[in-house]
Each structure stands twice: as structure tokens, then as C-alpha cells.
Amino acid sequence: MSFDKRVAGPPASEIRVQPPDAEELWDAIGRLIDRDLETFTPDEFVDLALAVQPLLPSDVRRRIIEYRRRAPNGDVQLLRGLLPSDVAFGPTATSQAAQISGPAQRAALLLVGVTLMFGEPFNYASLWDGRLVQHMVPVRGKEFSQTSQSSSGMLDWHVEDGFRDDRCDYATLLCLRGDPAGASRYAQARDLQLSPDVVATLREPRFLMRPDTAHVLTGEAPIRRLAVLTGPESAPEICYDMHGLTPLDDADTAAAAALRDLRACLDEVRISHVMERGDMLIFDNRRVVHARTPFAARFDGTDRWLMRTMICGSAVTFRRWGRRVPD
Ligand SMILES: O=C(O)CCC(=O)C(=O)O
Ligand SMILES: [Fe+2]
């Protein structure tokens with residue numbers, strides 16, 4: 001079991017791709033690429049990635065469909081062994097919006113190809129230059145920021161882009177280079193054990209969410225009023241950010257106390273996984289809160305390196321904005 005430090009929660013869902021299958025997949029993806037993928041528009045890139053899906057082992061496709069429909073083993077899905085062990089990736093990207101080159105292009109196509117089983121990949125124009133595939137890498141000078149650029153500091157509990165009601169339904173992360181100290185943490189809304197009155201408070205729209213600091217917003221920053229917990233009791237949804245979320249009313253001590261209880265509970269039910277090369281994590285961004293533990297960045301080309309895409313699960317919603325959502 002890879003979710004090694006799990007404190008609570010149902011068994012994690014893990015699918016392992018066998019080395020010969022990973023090699024076959026890698027070679028087949030290589031044959032799809034006949035020019036520099038950086039010359040593709042985001043739509044062209046996604047069209048090419050459509051050819052990846054039929055190349056995936058059939059049990060991987062079946063398990064993904066099961067996860068999408070019912071998530072029987074939890075709202076976080078881990079795929080392992082996707083990258084052959086002998087592929088030499090170049091130095092770790094040095095910024096979130098860096099261009100992708102060499103074998104990392106093939107990995108990006110693989111990531112987007114799997115992503116297409118969940119919906120349409122997109123990004124916001126205001127986030128990391130709107131790039132469809134972003135690098136989750138440490139950046140010098142940002143060691144203690146609350147963004148994926150951080151390293152020495154804990155990246156605290158959050159959902160992706162909780163200040164937007166069109167936040168992604170899923171996010172996927174593919175690990176090109178791991179770091180044993182940088183563990184990904186997840187807490188599922190379904191695992192929370194909170195008292196009924198705390199749940200009732202969190203289900204009321206008594207909270208405000210400020211924008212994520214990773215976004216470069218033009219004009220006035222939107223502030224969203226929201227309930228932290230929504231949806232059916234059997235599959236609750238959560239919108240949380242340790243730094244962006246506050247009670248609407250400063251005098252609402254019950255709302256502030258509910259947030260404190262929730263934060264403590266997130267730690268209690270957390271699932272922890274150290275991403276290793278070839279691991280792909282898919283999490284339901286409506287039902288899962290995530291975080292990352294501190295690690296030491298060296299800035300010498302060997303640091304932790306994940307690639308990420310965000311997914312809109314609804315074709316109807318996707319058609320409003322397309323691949324790059326305006327502010
Ligand atoms: O680096 C990670 O594991 C996750 C990064 C992340 O959660 C973020 O950038 O929002
Ligand atoms: Fe995140």
C-alpha cells in the first residue's frame with residue numbers, strides 16, 4: 001500500500017502499471033510525436049493526446065471509469081509505474097510556466113492523455129501564464145510561499161482555486177522526480193468526523209474565500225461567499241483554504257470555531273503519499289482538500305518535479321470558456 005502514513009480513511013485506490021506495459025506505452029506515445037509539442041496550440045495538444053487513451057492498459061481504463069462513477073475506494077486515485085525507469089529527464093523545470101522540452105514532452109502528453117478520461121483539461125489565464133500543463137517545482141525566493149513554488153515551508157490545506165465557483169473538478173499530478181521529504185497529503189470530505197452543529201455551521205454560506213496568491217489577477221480581486229460543506233451527506237463536497245477562507249462576519253465566533261475544528265479534523269483523517277517517479281495522482285477537487293509537506297530544494301536541476309493539469313468534468317461548463325478561462 002503506497003498511502004503509507006495514512007492516519008484514517010478507506011483503503012486508497014492504487015493501480016500499478018507493469019514495467020513492460022509502461023515501456024510499450026512510452027514507445028507508442030513517442031510515435032505520436034513528430035514535432036516540438038511547444039509549437040502546438042492547447043487544443044491541438046489535447047487533440048493529439050486523444051490518441052493516448054486507447055493505448056492505456058484496459059484494466060487501467062476500467063478502474064478509472066469506476067473511480068469516476070463511484071470512487072469505491074476513495075476520492076484520490078493513484079496510478080503507479082507509468083514511466084519506464086530508464087528514461088532520463090533533463091534538469092527539473094525552474095518555473096511553473098516553463099516550456100517543456102525533451103522526454104518531458106512525452107510525459108506531458110501521457111498526463112493529458114489520462115486526464116482526458118476525466119473531462120477537459122483547462123487553465124485560468126491568470127495562473128502560470130494559462131499553460132495547460134504546469135510544473136509543480138520549487139522556486140528560489142519562494143520557499144515559504146503558499147503556492148506550488150514553495151519548498152522549505154509547508155503548503156497548507158487547500159483546494160485548487162476555491163475562490164472560483166468554476167474551480168477544477170479534478171486535478172492530476174504526474175511525478176517526474178520525487179523527493180522523499182515532500183509528501184502529498186489528502187483529506188476527503190467523506191472522512192471528516194465533526195459534530196452535527198459544526199457540520200450545520202459549515203453548511204451555511206457564512207464564509208468568504210479570497211483569491212489564491214498564485215493568480216495574477218487584473219482588476220479587483222473577486223471575493224466569494226460560500227458554504228464550506230455542500231452536497232449529499234453520502235458524498236459531501238468541500239471548499240477550503242487555510243489562508244483564504246474566513247467567516248463572513250468577524251463577530252461570527254461559531255463560524256471561526258467551526259473552521260478551527262475542521263482544520264484539526266483534516267490533520268486527523270489525512271492520507272499521505274510520497275510521490276515517486278512514474279506516479280500519477282488524480283484527486284477530486286470538489287471532495288478532497290490537499291497539502292504538501294516541506295522539503296529542501298537544492299536548485300541544482302535535481303529537485304522534486306511534478307507536472308499538473310486541471311480538469312473540467314462537465315462538457316457543458318467547459319464550452320463556456322474553453323481551455324483558457326478569462327479572469
Ligand atoms: O506539489 C504538490 O504536491 C502540490 C502542489 C499544489 O497543491 C498546488 O500548487 O496547489
Ligand atoms: Fe494545490
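The values are calculated or read from the model by the stated rules, or taken from the named source; none is laboratory data. This structure is a prediction, so every number in the text was calculated from the model and none was measured. We place every Cβ from the backbone using ideal geometry, glycine too, and count neighbours over all the protein chains shown.
What is the one condition in (1) of a type in the set (Val, Ile, Thr); (2) surrounded by fewer than 16 Cβ atoms within 10 Å (Cβ to Cβ); (3) within 13 Å of ligand 1 (Cβ to nearest atom) that Ile223 does not satisfy?
Failing condition for Ile223: (3).
Here are the criteria: (1) under 19 Å from Val76 (Cβ atoms); (2) within 12 Å of ligand 1 (Cβ to nearest atom); (3) touching a Ser or Thr at 6+ places or on another chain (Cβ under 8 Å). Tell me which single one Val288 does not satisfy.
(3)
Kindly indicate the residue of region 184-210 that is surrounded by 19 or more Cβ atoms within 10 Å (Cβ to Cβ) and within 16 Å of ligand 1 (Cβ to nearest atom) and also nearest to Pro247 (Cα to Cα) among those meeting that condition.
Out of the qualifying residues, it is Met209.
Within region 300-311, can one find any residue that is away from ligand 2 (no atom under 16 Å from the Cβ), at pLDDT below 95 and surrounded by fewer than 21 Cβ atoms within 10 Å (Cβ to Cβ)?
No.
Taking only region 127-152 into account, find how many residues are within 12 Å of ligand 1 (Cβ to nearest atom) and part of a loop (DSSP other than H, G, I, E, B).
11
In region 27-43, which residues are assigned to a helix (DSSP H, G or I) and either among the basic types (Lys, Arg) or over 16 Å from Ser101 (Cα atoms) (or both)?
Of everything in region 27-43, those that are assigned to a helix (DSSP H, G or I) and either among the basic types (Lys, Arg) or over 16 Å from Ser101 (Cα atoms) (or both) turn out to be Asp27, Ala28, Arg31, Asp43.
Which residue, of Cys175, Cys168, is under 28 Å from Gly278 (Cβ atoms) and not in a loop (DSSP other than H, G, I, E, B)?
Cys175
Look at Asp267 and say whether it is more than 14 Å from ligand 2 (Cβ to nearest atom) and touching a Cys at 6+ places or on another chain (Cβ under 7 Å).
no
Contact list please: Cβ distance under 9 Å, first residue in region 119-140 and on the phi > 0 side of the Ramachandran plot and at pLDDT 95 or above, second residue surrounded by fewer than 23 Cβ atoms within 10 Å (Cβ to Cβ) and of a type in the set (Asp, Glu), pairs at least six apart or on different chains.
Listed pairs, sorted by first residue: Gly119/Asp169.
From the list Leu266, Leu262, which one is out of contact with any Ser or Thr (no Cβ under 9 Å at 6 or more places or on another chain) and within 16 Å of ligand 1 (Cβ to nearest atom)?
Selected residue: Leu266, the only one of Leu266, Leu262 that is out of contact with any Ser or Thr (no Cβ under 9 Å at 6 or more places or on another chain) and within 16 Å of ligand 1 (Cβ to nearest atom).
For every residue, the table says whether it meets (1) buried (at least 20 other Cβ atoms within 10 Å of the Cβ); (2) within 17 Å of Ile271 (Cβ to Cβ); (3) within 10 Å of ligand 1 (Cβ to nearest atom); (4) hydrophobic (A, V, I, L, M, F, W, C).
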position: Tyr124; (1), (2), (3), (4): yes, no, no, no
position: Leu155; (1), (2), (3), (4): yes, yes, yes, yes
position: Arg177; (1), (2), (3), (4): no, no, no, no
position: Ala214; (1), (2), (3), (4): no, no, yes, yes
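If I ask for residues that are surrounded by fewer than 21 Cβ atoms within 10 Å (Cβ to Cβ) and within 14 Å of ligand 2 (Cβ to nearest atom), which ones from region 134-149 would you list?
Ser145, Gln146, Thr147
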